[in-house]
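Readers should treat all values here as calculations from the given coordinates under stated rules, not as data from a laboratory. Quick caveat, the model's predicted, so the values are computed rather than measured. Note that each Cβ is placed from the backbone with ideal geometry, even for glycine, and that neighbours are counted across all protein chains shown.
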Amino acid sequence: MKGLSTPSSGIAYPEDMHRLKQLFDLFCKSHHIEAGSFDAEKIAQATMSLFQAGVSDEAEIRASLEIFHKRRIGRGGPCPLKA
């Protein structure tokens, strides 16, 4: 798997977006997260936030998403505050 470019100024190039989408899709599939769900939206936001913060190593992004997801599950649900 080809790595992501190093983000500069928070810019994700088309090839980066493709790789991030692949990471997102694989993560959601392996964790049985339904496309379009609230949890999928939060995982997508976390994926982009990590990249924009300068994390370009795919293994590091996956590991961070695991931690993020486990913390969300540990709180007892997808959204503690409902609008």
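Things to note:
- Cross-link reach list, aspartates and glutamates versus residue 42, counting only Cα pairs under 17 Å and skipping chain neighbours closer than eight places: 25, 34, 66
- Going by neighbour counts of Cβ atoms within 10 Å, the residues 69, 32 line up, fewest first, as 32, 69.
- Taking the fewest neighbouring Cβ atoms within 10 Å as the starting point, the ordered list for 72, 62 is 62, 72.
- Using a simple spin-label model with pseudo-atoms 7 Å out from Cα toward Cβ, residue 37 and residue 62 lie 2.1 nm apart.
- Pairs of Cα atoms nearer than 8 Å and 6+ residues apart set the relative contact order; for segment 14-74 it is 30 percent.
- Taking amide H atoms as placed 1.01 Å from N in the peptide plane, the amide H of residue 4 lies under 5 Å from those of 58, each 5 or more residues away in sequence or on another chain.
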